[in-house]
Structures are given as C-alpha cells and as structure tokens.
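Okay, so here's the structure we're looking at.
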Amino acid sequence: MKRAIFLLLLVLSQILALSLGASDVALATLLVPTQRWPSLLSPGIDSVQPGDVNGDGRADLVAWGGRRIFLYCGLETGGYAAAEPHQTSYPVSALKVADLENDGRQEMVLGLENPGAVYILGRRGDGWWESSDTAYLWSSVVSLEVLSTPLSPFKYVVAAGSNGKITLFAWTGTALQPVGEDEHYAGRTLRFLGAGDLDGDGWWELALAVDYSHLAILRYDGRSLNLVAENFPWGNITGGTVADIDGDGRPEVVVGTTQRLIYAFDWQVEGLEQLWRLSDLAAPPHQLSVVELPSGHRWVLAEVREALAGWQIDPTGQVMTAYLGERLPVLRSLWTLPSGSFGAPDPGSARPAVELALADGTVAHYDFRNKDELLLGWKDGTALAPEQWEELDGEIHLSLSALAEHLRGTVARSELFPVLTLVASGHTLALSPENPGAVVDGRPLPTAGRPKARGNQVWLSLSYLEVVLGLTAHWDPATGRLLLDLPWASEDGKGVGP
C-alpha cells in the first residue's frame with residue numbers, strides 16, 4: 001500500500017528593510033497541505049486547468065481527456081462538485097481557460113486533434129454553449145494561448161498546429177476571426193509557454209519552445225507576428241511560464257530543462273537577458289508555475305521527480321532558498337489559485353493557493369500560511385512546543401531531544417566518534433551530524449540529507465525522519481495542526497520499526 005505523506009514547504013527568507021539603518025527582517029512563509037479529495041477526477045483525464053467558468057467568483061476545475069470535457073464547480077464551503085461532462089466531436093488535443101468577454105466568467109478555448117479545429121465552449125446557467133463558427137487549421141492543434149492588450153478591443157487566440165504553423169484569431173464575441181499567420185517555424189514542433197508584455201510597450205510577446213531545444217519570442221504589433229529573440233538554454237525545454245517574478249510590473253520568462261536547470265529571463269533593450277539560474281535540481285522540472293504572495297514575495301513551483309518543489313524569490317527577483325517537498329504517486333497537473341478564489345473565508349483565503357492533480361484522480365490543496373499560524377503536534381494529541389521544532393534550510397526540523405521525549409527514550413553520545421544513539425521502544429537509531437544516512441537496529445539506511453547541529457541541539461528534518469523512522473504527517477483541520485506519527489511510538493510500547 002502506497003504511503004502518502006504530506007510534508008510542509010517552509011522557507012525562512014530575508015527582505016531588506018526600507019528605512020535607513022533598519023536591520024533585515026525575517027519573513028516566514030509556508031505551504032500547508034490542508035485538504036485532499038481522493039478519486040475526485042474522472043478516469044482518463046490528460047490535464048487540468050483552473051478557472052471561474054460559471055462566474056460565481058470561486059475557482060472551478062476544467063479537465064479533459066479524449067473527447068470528454070469535465071467541469072468541477074467550486075463549492076462555497078471549499079472543494080468541488082461532481083463532474084459535469086461535455087462530449088466533443090473529435091479528441092481534444094489542447095485547451096486554454098480564459099475570460100474572453102471581460103465579464104468575470106471564463107470560457108474554454110478548445111483545440112481538436114482532427115481536423116485541427118478551434119472553437120469556444122462556455123457555460124450559461126446550467127447549460128453549455130459553443131461559438132457559432134469553428135476555425136480550422138487543418139493540422140492537429142498542439143498548443144493554445146489567449147492574449148489581450150490595452151491597445152486593441154479584442155482578445156486574441158493563438159493556435160499552433162502540428163505542422164509548425166501559427167494562426168492568430170481575434171474573438172469577436174461570437175466567432176474567431178483569422179487575423180494573421182506565421183510560418184517561421186513551419187515543420188517544427190511548437191509549444192507555447194505563455195505570453196505577456198515583456199517590454200512594457202502595450203503589445204504582447206509570446207514565448208514558445210521550438211523542438212523543445214530552444215526558446216523563441218514572437219511579438220504581435222497589431223499587424224503581424226514577428227520573431228524578436230531566441231535563446232538556447234542548456235538541455236531540452238521541459239516546461240515554462242511567463243510571470244512577473246521581480247515585481248517590476250513586467251513579466252519574465254521562466255523555463256526548465258532536461259539538464260536539471262531552471263532559467264529566468266528578463267527583457268532588456270538588447271533582448272532577453274538571464275536574470276538567474278537554478279542548477280543541480282534532483283531531476284528535470286516540469287509543470288512550472290509562479291504564485292505571488294501579499295508580501296510581494298513569489299514562489300516558483302514545479303514538479304521534480306514526482307515531488308512538489310518550490311523556490312522563494314525576493315522582491316528583487318533573486319532566489320533566496322529552495323525546498324523539495326512531498327513525494328507523490330504521479331503528478332499529472334499543478335496549478336495555482338488566485339487570492340480569495342477558493343471556498344469560504346478562512347485564515348488562508350486572502351492568499352493564493354496551490355493544487356495538484358495525481359494520476360489516481362486525487363486533488364491535493366495547499367494553503368500559504370505564516371509560521372506563527374502553524375501548530376505542530378503528535379498523533380496522540382501532544383503538542384510540540386515552539387522550541388522543539390525549527391525551520392532550517394527551507395524545511396521543518398524536529399530536535400533530537402523532542403524525539404526522545406516523545407518516544408520516552410534516551411540519547412547517548414559516543415566519546416570516540418561524533419555519533420548519537422537514540423534508544424526507544426526496543427529500537428536503536430544511530431546518526432551523525434557530520435554524515436548523511438543512519439543506522440536503524442544495526443541496518444544502514446542511506447538518506448539524501450543529514451542531521452544538523454545548531455547550538456546545543458541536533459535537528460532532524462521531516463523528510464529525513466520519514467526515511468529512517470517511517471514518520472508520517474497529515475493536516476488536521478479540526479485542530480489546525482500538522483500531526484506527526486511515528487511507528488516506534490506504538491501503544492504497546494514495543495514499536496513496529498520503520
């Protein structure tokens with residue numbers, strides 16, 4: 001039976017004080033797994049996007065797979081209603097959720113595999129509606145983007161075909177009107193990463209991956225699409241997004257590659273310039289997304305080796321610290337929800353949220369919280385005192401003394417080597433702050449992390465304890481605590497081991 005563990009994503013960051021002579025202020029933000037809906041999504045779903053499709057101000061989910069579209073309407077109390085299905089004439093190969101009418105109600109732009117058609121699908125009351133005309137590319141639609149500019153009254157739909165041809169449509173309110181084409185990359189494989197006004201001139205730029213090998217920027221000036229920049233990051237592009245990560249009001253381009261890298265590019269007068277680069281990731285990043293907190297800090301989120309990974313970015317756009325979070329069965333989609341768009345008001349409702357769709361149909365919901373809003377406790381109801389846990393290097397750690405107290409064990413220190421031995425419930429755990437891994441009941445267990453010595457305490461991360469002692473954790477909404485459970489702390493006092 002697969003064990004699903006919800007771990008915290010906690011990063012302690014420094015922001016520069018605004019007043020002269022003031023000291024740096026520590027700002028803690030954390031990502032708490034607060035809800036989980038097993039088997040919510042219907043079988044056969046390829047991907048999921050959020051959006052307010054029924055216009056009630058709450059986030060809905062749009063999922064698709066094959067010839068089926070599923071709408072999961074957001075509930076006032078949080079969570080989602082049962083699926084409302086819609087059948088399409090041909091398999092859906094691309095989908096984009098966006099507000100085409102500027103009325104607060106979002107529509108679905110559908111791209112079909114065959115015959116390469118694009119049309120609009122939306123909701124009115126309890127029913128569905130479709131655009132009066134279908135636009136044809138005559139090539140399977142592989143990617144879609146929806147764009148707007150204050151210099152034009154129209155919303156634009158950009159569609160890429162499997163033949164490498166890009167077609168631009170203006171949405172008139174009833175139909176998609178072709179307004180331009182670009183064949184610069186004819187015969188190539190294209191994937192849109194996002195769009196935005198990179199240079200601040202009022203028109204938008206479109207970021208796309210070409211043959212997964214390089215990044216291209218196309219600009220629409222009201223007349224045509226034109227190639228304005230290319231960049232060749234190291235490795236093939238695995239995903240990307242366009243978002244403002246440095247708070248200057250203009251978006252940047254963020255891409256991940258097969259070389260376990262994440263790049264952030266900013267638009268300067270000369271073109272794209274690298275803002276920063278994250279290296280030595282555990283695996284190539286996928287499903288990149290950016291979320292902004294009310295504090296002005298941003299998170300860059302991604303799936304890395306079937307785990308949720310996050311990097312907090314300070315207001316100047318610099319990476320402060322990172323964390324690799326919980327392991328998941330198979331992460332199918334990752335998305336962010338805007339502030340206040342999910343369920344009833346609660347301590348996290350004024351902040352954005354993050355959700356994950358897993359291959360088994362489960363949807364997991366995470367809320368951003370401040371550190372002082374979080375309480376930790378053991379499964380038996382015993383609370384952890386603030387001095388018994390700490391944030392170190394982007395992850396929550398428990399003190400070894402707190403562990404021994406909970407297990408009613410003892411800690412012995414070797415006089416010859418820097419080794420500590422915890423004896424509890426008939427088991428032994430030997431570890432060293434100078435080396436990764438541990439020895440449990442005489443059996444060596446390799447781990448990626450190691451204990452940390454700070455002051456007169458030794459600290460163990462939750463992920464380290466999961467490996468060596470079988471620690472599990474889950475959010476308890478009734479008490480508002482993250483509850484920890486250790487097999488060694490069994491009721492009979494004998495323990496069951498990791």
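In segment 457-469, of all residues being modelled with pLDDT under 85 and open to solvent by 30 Å² or more (accessible area, probe 1.4 Å), the one that is farthest from residue 423 (Cα to Cα) corresponds to 463. Consider only pairs whose beta carbons are under 9 Å apart and that are at least six residues apart or on different chains; among these, list those whose first residue lies in segment 107-127 and is in contact (Cβ under 8 Å) with a residue 60 or more places away in the chain and whose second residue is basic (Lys, Arg). Final answer for the pair search is 122/105; 123/105.
Going through (1) open to solvent by 10 Å² or more (accessible area, probe 1.4 Å); (2) at pLDDT 90 or above; (3) of a type outside the set (S, T, N, Q); (4) more than 25 Å from the chain's Cα centre (by Cα) one by one, residue 191 falls short only on (4). Evaluated against (1) more than 22 Å from the chain's Cα centre (by Cα); (2) open to solvent by 30 Å² or more (accessible area, probe 1.4 Å); (3) at negative phi; (4) not charged (D, E, K, R), residue 131 falls short on exactly one condition, (2).
Tell me whether segment 259-267 contains one or more residues that are of a type in the set (D, E, K, R) and at pLDDT below 90. No, every residue in segment 259-267 fails to be of a type in the set (D, E, K, R) and at pLDDT below 90. Residue count for segment 289-302 satisfying the condition of being in a strand (DSSP E or B) and open to solvent by 20 Å² or more (accessible area, probe 1.4 Å): 2. Which condition breaks for residue 450 when tested against (1) open to solvent by less than 70 Å² (accessible area, probe 1.4 Å); (2) touching a helix residue (DSSP H, G or I) at 6+ places or on another chain (Cβ under 8 Å)? Of everything listed in (1) open to solvent by less than 70 Å² (accessible area, probe 1.4 Å); (2) touching a helix residue (DSSP H, G or I) at 6+ places or on another chain (Cβ under 8 Å), residue 450 misses just condition (1).
Looking only at segment 261-285, residues that are in contact (Cβ under 8 Å) with a residue 40 or more places away in the chain and under 23 Å from residue 449 (Cα atoms) come to 5 in all. Considering segment 112-197, the qualifying strands (runs of 3 or more DSSP E), each wholly inside and each with 2 or more residues that are under 19 Å from residue 95 (Cβ atoms) and of a type outside the set (Gly, Ala, Ser), run over 117-124, 127-130, 141-148, 155-161, 166-171, 190-196. Within segment 52-65, the residues that satisfy the criterion of being of a type in the set (Gly, Ala, Ser), surrounded by fewer than 21 Cβ atoms within 10 Å (Cβ to Cβ) and in contact with an Asp or Glu (Cβ under 8 Å, 6 or more places away or on another chain) are 55, 65.
Name, by its number, the condition in (1) touching a Leu at 6+ places or on another chain (Cβ under 7 Å); (2) more than 22 Å from residue 186 (Cα to Cα); (3) at pLDDT 90 or above that does not hold for residue 131. Exception for residue 131: condition (3).
For segment 293-343, a residue qualifies if it is among the β-branched types (Val, Ile, Thr) and modelled with pLDDT under 75, and the qualifying residues are 316, 319, 321, 330.
Count of segment 114-128 residues, restricted to those that are over 22 Å from residue 71 (Cβ atoms) and surrounded by fewer than 17 Cβ atoms within 10 Å (Cβ to Cβ), is 2.
The values are calculated or read from the model by the stated rules, or taken from the named source; none is laboratory data. Computed from a predicted model, the values in this text were never measured in an experiment. As a convention, Cβ positions derive from the backbone with ideal geometry for all residues, glycine included, and neighbour counts pool all protein chains shown. Please note that ligands, DNA and RNA were not included when accessible areas were found on the heavy atoms of the full protein model with its side chains. Shrake-Rupley method; radii C 1.70, N 1.55, O 1.52, S 1.80 Å.
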